[in-house]
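The values are calculated or read from the model by the stated rules, or taken from the named source; none is laboratory data. Source: prediction; values computed, not measured. Positions of Cβ are backbone-derived with ideal geometry, glycine not excepted, and every protein chain shown enters the neighbour counts.
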Amino acid sequence: MENGMLMVLIGKYSTSPADENILLRPDLYLIWRPVKPVAPMNFGPPLIRHVIRGAHLADVPVSGIEVLMHRNVELKQWRLCKAADLYWRCYWPVSAGGELVFDGKTHPLVPGWLYLIAPHTSFDSNCARPFRKWYIHFTVSGLGHPCGPGIVRIRPTARMRRLLTLTCPVANGAGASSSVPKEIATLELIALALESALQKMAALPDTNQRIAGCIDFMRHRLTEKLTLNSLARFAGASPRKLTQMFVADTGFPPNRYLIEMRLNHAMRLLRHTNESIDQIAEDAGFGNRYYFTRMFTKYRCVTPVAFRKFR
């Protein structure tokens with residue numbers, strides 16, 4: 001049988017000489033239209049079947065670093081009160097004048113040293129006179145056993161100083177020419193700073209599993225309306241007990257922790273996408289741009305538009 005196409009048409013139909021049609025009723029045709037044979041299609045060589053033989057010894061831990069903010073600033077006033085965030089901070093003072101206060105101890109920001117501040121570190125800051133500093137805010141996933149809050153002063157190695165001239169040429173002179181992209185140099189610098197600091201930071205005891213599950217629950221529902229009561233029901237605790245556990249483990253009450261998660265997600269969208277402020281406000285769970293702008297300005301000390309401008 002020759003190749004062809006069978007069609008059923010309803011309504012008026014004008015036949016062509018090549019059609020073979022059968023009139024079933026005045027408004028119904030059964031059409032047979034011959035079709036020229038099509039040459040077989042060549043999809044290239046057959047798929048390669050991979051063969052892997054060997055022993056599965058161990059999984060390499062997977063981790064990642066994401067830079068949220070990277071700036072060089074000159075400050076005339078710098079007063080943070082009980083600043084505690086979900087991200088890491090790395091400070092490189094270019095001139096003297098700034099200081100940090102944590103756990104009753106003052107840490108002057110001395111030029112030539114790096115300062116790494118762990119997440120959930122509640123600290124104060126001040127400056128006796130105008131000074132300049134370069135800083136990075138970043139998050140780290142996959143560290144395994146989390147570290148406790150704290151501030152660590154690091155004497156940069158020769159490699160770290162080289163990376164500093166690449167990542168922040170404004171703060172360190174003209175900067176050396178290199179084939180290493182600035183973004184890669186920044187990630188390497190953070191990795192080296194973490195390697196040095198984590199040895200000095202005390203590890204936290206195992207996180208309460210109910211809090212860990214609650215945080216994961218929030219992370220996957222940033223756009224939903226989450227209340228303290230709904231989080232408490234999920235965790236199987238009273239709202240008061242959940243708040244106590246959250247503050248003990250993270251330094252934040254649940255609702256404040258949720259705001260931080262949403263702000264960090266919004267910072268990623270502002271930095272890495274061209275979505276509108278309205279869309280980002282919705283995607284991050286703030287509902288509208290006005291509430292989003294108010295929260296972003298309150299806790300990040302800059303408007304979303306200004307943050308995107310200097311990304």
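General observations
- Among strands (runs of 3 or more DSSP E) entirely within region 69-167, having at least 1 residues that are within 26 Å of the chain's Cα centre (by Cα) and crowded, with 19+ Cβ neighbours inside 10 Å singles out 88-93, 114-117, 123-127, 131-141, 151-154.
- Enumeration of residues in region 277-290 that are out of contact with any His (no Cβ under 9 Å at 6 or more places or on another chain), crowded, with 16+ Cβ neighbours inside 10 Å and not in a helix (DSSP H, G or I): Phe286
- Test set (1) at pLDDT 75 or above; (2) not in a loop (DSSP other than H, G, I, E, B) - Gly173 fails condition number: (1)
- Of the residues making up region 224-241, not one is charged (D, E, K, R), within 25 Å of Phe296 (Cα to Cα) and either assigned to a helix (DSSP H, G or I) or outside the structural domain of Cys301 (by TED's automatic domain parsing) (or both).
- Any hit, region 83-100, residues being polar (S, T, N, Q) and more than 29 Å from Arg262 (Cβ to Cβ): yes
- Thr293 vs. criteria among the polar types (S, T, N, Q), in a helix (DSSP H, G or I) and over 21 Å from the mean Cα position of the chain (by Cα): no
- Qualifying residue in region 242-260 (condition: among the small types (Gly, Ala, Ser), out of contact with any helix residue (DSSP H, G or I) (no Cβ under 7 Å at 6 or more places or on another chain) and assigned to a helix (DSSP H, G or I)): yes
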